[in-house]
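Quick notes on the structure that follows.
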Amino acid sequence: MPILRASLLILLLLSGLAQAQEQIFHTFNLLDGRSISARIVGANGRDVILERADKLTFTLPVKSFRADDQERIRDWHIGDMVKKGTLVTLTGDSSTDDLKSQHEDGLITYSWWSKYKIKLTNDSPYDLEGLKFRYTYSLTQAKVSQIKTDPPAPLVSSEEKSLDLPSKQSLSLNYATRVSRIELEPGWTWPGGGDQPLADTLSPLEAVVTYKGQEVAKLTITPPAPEFKDKASTAPSDAQQ
C-alpha cells in the first residue's frame, strides 16, 4: 500500500507539472493563416523568438502576427525588461546656485539654492503610458529661536505625477529649495551660551518610477555643500547632511 500511494503521488505531481508546462505555451496566429504552438523566449521589439515544445526555436517579425499576439509579445517583452531593470533609466544630480552672505548684528547668514536635476529615459522600443514618478525630500529650517526650544518639524516636499513617455525619449524634471546657515561673528555667543552655527538640514532626494504597479527605477540624490569665497574655511559642509 505505501508503494501504491507513493506511485499515485508521483503521478499526480507529474500531471500537475505537465499542466503547468502546457500553460506556458500559446498558439500564435500569423497573418498568413499559419499558427504555431510555442512560448516566447526572447524579443527585441522588432523580432520575437518562439520555442516549441520540442525545443525548436523560430525568429519571426512581430508584424507578421495578428494584433492580439503582437500585444501579447509586447507585454511579455515589457515584463522581461522590468525584471531585468532595463525598461527605463533614472539619472540625476544636484548643484548649488545664487550663493549669498549677509552680516548683521553679530550674525552671518549664508543662503543658497540647492537644485536637483532628474532625467527619465524610456529605453524600451515601446511608447509607455501611465508611468508613475514620485519624489520626496525634506528641509528642516534652522532658526535662532530653536536655541531654547526643540528643533522645528521638517518641511516635506513631495509630488507624484503620471507620465507618458515615447520610445527612446527622455524627460527632464527640475526641483529647487532655498537653504541657509547662520553663524556668529568672532567673539559673539548665543543668548543661551555657545557659538555653534545653526544650519538647515536638507535630506537626500528620493525618486521612484513605477509602471503598472511595479517599481522600475529608483534614485537617491545627495545635495552638495556650497563653498563661500568670503569665508576663510570651506563652506558649511554640515548644512546639507
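The values are calculated or read from the model by the stated rules, or taken from the named source; none is laboratory data. Please read these numbers as outputs of a predicted model, since none were measured by experiment. We place every Cβ from the backbone using ideal geometry, glycine too, and count neighbours over all the protein chains shown.
Figures for the structure shown
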| quantity | calculated |
| --- | --- |
| Filtered residues of segment 75-122 (kept if touching a Phe, Trp or Tyr at 6+ places or on another chain (Cβ under 9 Å), modelled with pLDDT of 95 or more and β-branched (Val, Ile, Thr)) | 78, 82, 88, 118 |
| Meets criteria (polar (S, T, N, Q), surrounded by fewer than 15 Cβ atoms within 10 Å (Cβ to Cβ) and at pLDDT 90 or above) for residue 145 | no |
| Test set (1) farther than 30 Å from residue 219 by Cα; (2) without any contact (Cβ under 8 Å) to a residue 24 or more places away in the chain; (3) surrounded by fewer than 12 Cβ atoms within 10 Å (Cβ to Cβ) - residue 103 fails condition number | (2) |
| Among residues of segment 41-58, those that are of a type in the set (Gly, Ala, Ser) and either touching a strand residue (DSSP E or B) at 6+ places or on another chain (Cβ under 6 Å) or more than 20 Å from residue 125 (Cβ to Cβ) (or both), counted | 2 |
| All positions within segment 183-214 that are buried (at least 20 other Cβ atoms within 10 Å of the Cβ), over 23 Å from the mean Cα position of the chain (by Cα) and among the aliphatic types (A, V, I, L, M) | 198, 199 |
| Segment 71-100 - residue that is out of contact with any strand residue (DSSP E or B) (no Cβ under 6 Å at 6 or more places or on another chain) and surrounded by 16 or more Cβ atoms within 10 Å (Cβ to Cβ) and, of those, farthest from residue 114 (Cα to Cα) | 72 |
| Total residues in segment 158-182, condition in a strand (DSSP E or B) and either surrounded by 11 or more Cβ atoms within 10 Å (Cβ to Cβ) or of a type in the set (Asp, Glu) (or both) | 16 |
| Test result for residue 46, loosely packed, with under 14 Cβ neighbours inside 10 Å, closer than 17 Å to residue 167 by Cβ and of a type outside the set (Ser, Thr, Tyr) | yes |
| Pick from segment 96-116, criterion in a strand (DSSP E or B) and acidic (Asp, Glu), ranking: nearest to the chain's Cα centre (by Cα) | 97 |
| In segment 40-64, the residues that are part of a strand (DSSP E or B) and under 34 Å from the mean Cα position of the chain (by Cα) | 40, 41, 42, 43, 47, 48, 49, 50, 51, 59, 60, 61 |
| Set 225, 217: member being over 20 Å from residue 141 (Cβ atoms), among the aliphatic types (A, V, I, L, M) and either in contact with a helix residue (DSSP H, G or I) (Cβ under 9 Å, 6 or more places away or on another chain) or surrounded by 14 or more Cβ atoms within 10 Å (Cβ to Cβ) (or both) | 217 |
